[in-house]
Amino acid sequence: MFSTLLLLAVILGVLVLAHEWGHFWTARKLGVTAEEFGFGFPPRIVGFYKGADGKRKWIWGNREIEEEVRQRKETVYSINWIPLGGFVKIKGEDGGEEKASDSFSSQKIWKRFVILSAGVLMNFVLAGGLFFLAFYNGVPEIVEENYSGEDAKVQIVQVARKSPAEEGGVKMGDEVVAFQTAEGDLIAIKTVEEFQELVKKSAGQSVSLVLKNIQGERKIEVAIRSTAPEGEGLLGVVLAKTAIKEYGFWAALGMAIKSVFSLIGAILFFLKDLVVGIFSSSSKVSSDVAGPVGIAVMTGQVAQLGWTYLFQFAAMLSVNLGVINFLPLPALDGGRALFLLIEKIKGRPISRKIEGYIHTAGFAFLLGIMVLVTVKDFSRFEIITKLKNLF
């Protein structure tokens, strides 16, 4: 569990840090002062900046940045106690210091829009890079049943909850090596159809499966159901015959770009269906939403499949972070961009005080949604029961 949480912290840290770097780099290029760029979240452990004499100066602890440093428009680079991503503090981002030429609030609307959207763009670029690594190093793809290459394998691509497969310990991504019948016959599995026939013949019996993943080979026992629930098979798994396909540099780059845009479109369609489902009292779509707990569980599952899967998973999280962050909701970059659009149409900005209240309310709303989804994740993944089993 600790290794999964650590891995999730690293992944989310990289995604958030990349997002903040986009804001930081763009602000600097457009002449806006970035007062601090932090690795992790405050309180600060230590920071450094370039002094007036050109030498590195240190700031220990969480004390305020000196006015002399601000006047020279130096950026303090800091390391902070909470190791989850990072942050950038841009001068005038809260609407103050409108008369300072290097303040965010004094910039033209198009410059502020570019700075706000740069974080999202950086998430998409990072996702493209991760997808590229996955395609370039080789990704599993579904092949025809008659494919006979050495890298071919029958693989579990989905495990139904509370099914015989899940209760027996079958994991998503497992390769099915062999099937041992109730009579003791050990049969090597070469095709999906062959495995399905063996399951049908063994309905109502206990059998053994030889499975293989990145951690090695193992043997488990499963009790196959006599009848299958609607929408599930007797064992509760979905299988596919897969093989590893490697792409050349340019082909991998093309596939990576295509994957990013396809995923953006898929997320937007999902969000549309989610909103429609909410207003039509439908819970079908909302049941697929996962919060921090759900993401942690999925991280642990994906980590068992190998680096290629982990790269793709992190890329999908990065695209999700980018799309969600640019939705026109208060407290998000998209909400702030919406206020810029209103300012452009009206010819003057909305009261900073009113905007602040709206963003605060929006943040509270989003926090409430996160809490509700987290509670749902605890129930969905039976977290309380698993924690009790540890003691």
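Assorted remarks:
- Against the test of being in a helix (DSSP H, G or I) and modelled with pLDDT of 65 or more, the options LEU387, LEU372 yield a single qualifying residue, LEU372.
- Elements of type strands (runs of 3 or more DSSP E) contained in the stretch 6-105, each with 1 or more residues being open to solvent by 80 Å² or more (accessible area, probe 1.4 Å) and in contact (Cβ under 8 Å) with a residue 40 or more places away in the chain: 34-50, 76-90
- Residues that are over 30 Å from GLY138 (Cα atoms) and either open to solvent by less than 90 Å² (accessible area, probe 1.4 Å) or in a loop (DSSP other than H, G, I, E, B) (or both) are absent from the stretch 247-261 altogether.
- For the stretch 18-46, filtering for residues that are within 19 Å of ASP333 (Cα to Cα) and touching a Leu at 6+ places or on another chain (Cβ under 9 Å) leaves 6.
- Those residues of the stretch 176-196 which are polar (S, T, N, Q) and outside any strand (DSSP E or B), in sequence order: THR181, THR191, GLN196
- Filtered by the rule that a residue be modelled with pLDDT of 85 or more and either in contact with a Pro (Cβ under 8 Å, 6 or more places away or on another chain) or within 13 Å of ARG112 (Cα to Cα) (or both), the stretch 343-354 gives GLU343, LYS344.
- Hits in the stretch 217-248 (condition: among the acidic types (Asp, Glu) and under 25 Å from the mean Cα position of the chain (by Cα)): GLU246
- Residue selected from the stretch 116-175 under the condition among the polar types (S, T, N, Q) and in a helix (DSSP H, G or I), by the criterion least open to solvent (accessible area, probe 1.4 Å): ASN123
- The set of residues from the stretch 133-146 being in contact with a Ser or Thr (Cβ under 9 Å, 6 or more places away or on another chain) and in contact (Cβ under 8 Å) with a residue 24 or more places away in the chain comprises LEU133, ALA134, PHE135, ASN137, GLY138, VAL139, PRO140, GLU141, ILE142, VAL143, GLU145.
- Residue list for the stretch 321-348, restricted to those being farther than 20 Å from ALA18 by Cα and touching a residue at least 40 places away in the same chain (Cβ under 8 Å): LEU340, GLU343, LYS344
- Test: residue in the stretch 83-105 that is among the small types (Gly, Ala, Ser) and within 16 Å of LEU17 (Cβ to Cβ): yes
- Any chance HIS23 is within 24 Å of SER103 (Cβ to Cβ), under 17 Å from the mean Cα position of the chain (by Cα) and not aromatic (Phe, Trp, Tyr): no
- For the stretch 106-115, the tally of residues that are farther than 20 Å from PRO328 by Cβ and outside any loop (DSSP other than H, G, I, E, B) stands at 1.
The values are calculated or read from the model by the stated rules, or taken from the named source; none is laboratory data. No experiment lies behind these values; they were computed from the predicted model shown. A quick note on method: Cβ atoms are made from the backbone with ideal geometry, for glycine too, and the neighbour counts reach across all protein chains shown. All accessible areas refer to the heavy atoms of the entire protein, side chains included, with ligands and DNA or RNA removed. Shrake-Rupley method; radii C 1.70, N 1.55, O 1.52, S 1.80 Å.
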